[in-house]
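The values are calculated or read from the model by the stated rules, or taken from the named source; none is laboratory data. Nothing here was measured: the structure is a model prediction, and the numbers come from that model. Cβ: placed from backbone, ideal geometry, glycine included. Neighbour counts: every protein chain shown. Calculation scope for accessible area: heavy atoms of the full protein, side chains included, ligands and nucleic acids excluded. Shrake-Rupley method; radii C 1.70, N 1.55, O 1.52, S 1.80 Å.
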Amino acid sequence: MSSDSLLEVKMRHRVGGIALDVEFALTQPWTVLFGPSGSGKTTVLRTIAGFVRPAEGRVVCAGRVVVDTKEKVFIPAHLRPVRSAAQAARLFRNMTVEENVAYGMAWESHPDDTKQVLQETLEWMRLTTLASRKTDGLSGGERQRVSVARAVAAAIAYDGTERPLLLLDEPFAGLDAVLRDELVVMLRECLRRWKIPVLSVSHDTGECYLLGAEVIRISEGQVVDQGPVERVLVEERQRMLERLRVER
């Protein structure tokens, strides 16, 4: 793998009926794990985050070995240079939206910038008007946006020496197309400005094209292709456009 990699993953693991056997490296600002449900995408993400211990493998994140089953290395999730948002939002019910987003911001070296980043993140994720509300009354889509905002704020305000990796599992699922497109563009630009690399999970072809992302395509537990979205998903895009023409 390249010495310029932001992340290196080589793992074997069985989850349910899927036998994962994947190997890939990240070199681009935003990379998408693309594939159908049940192909193993979320398990790969959870392994990188530290929530799954693989049967066999090695993971190097931001130059640090965080998993090496041969050398018996397993760095706990909270000590990894990784911030993540799961597909199911896990929010603190006793906190407001703003307090949830602020949780995990550990920017002791830049304390004066913390409030600005917090407010900008709320604005980016269209949460400003919800900032003072508790999370119990939020819709599913609003909860998901809070979860993503919390991970983004924590990644920007990460106080380690490495650039943290941001992991997002279906970050825009359940949102209407107009809002999704708006958030995709906004989030892509803000994370590019802060130089935060992203690995996200998706099965949405349009989302991948809008991001202009590198795509790692997974099928039945294996990486079958990796490269620019315009090449890897060209057939999926043609099928999507054909369906739209038929529906009209």
> If you go through the stretch 12-42 one residue at a time, how many are closer than 16 Å to Leu165 by Cβ and part of a strand (DSSP E or B)?
Replying inline: 7
>> Can you tell me how many residues within the stretch 29-68 are crowded, with 19+ Cβ neighbours inside 10 Å and under 17 Å from Asp225 (Cα atoms)?
In response: 10
>> With the requirement that a residue be modelled with pLDDT under 95, within 12 Å of Gln144 (Cα to Cα) and either touching a strand residue (DSSP E or B) at 6+ places or on another chain (Cβ under 9 Å) or open to solvent by 60 Å² or more (accessible area, probe 1.4 Å) (or both), what does the stretch 89-104 give you?
In response: Arg90
>> Looking at the stretch 18-28 only, could you name the residues that are open to solvent by 20 Å² or more (accessible area, probe 1.4 Å) and touching a Gly at 6+ places or on another chain (Cβ under 8 Å)?
In response: Ile18, Ala19, Asp21
>> Can you tell me how many residues within the stretch 123-143 are at pLDDT below 95 and hydrophobic (A, V, I, L, M, F, W, C)?
In response: 3
>> List the residue pairs whose Cβ atoms are under 6 Å apart, where the first residue sits in the stretch 214-238 and is farther than 10 Å from Ser39 by Cα, the second is open to solvent by 50 Å² or more (accessible area, probe 1.4 Å) and in a loop (DSSP other than H, G, I, E, B), and the two are 6 or more positions apart or on different chains.
In response: Glu214/Gln28
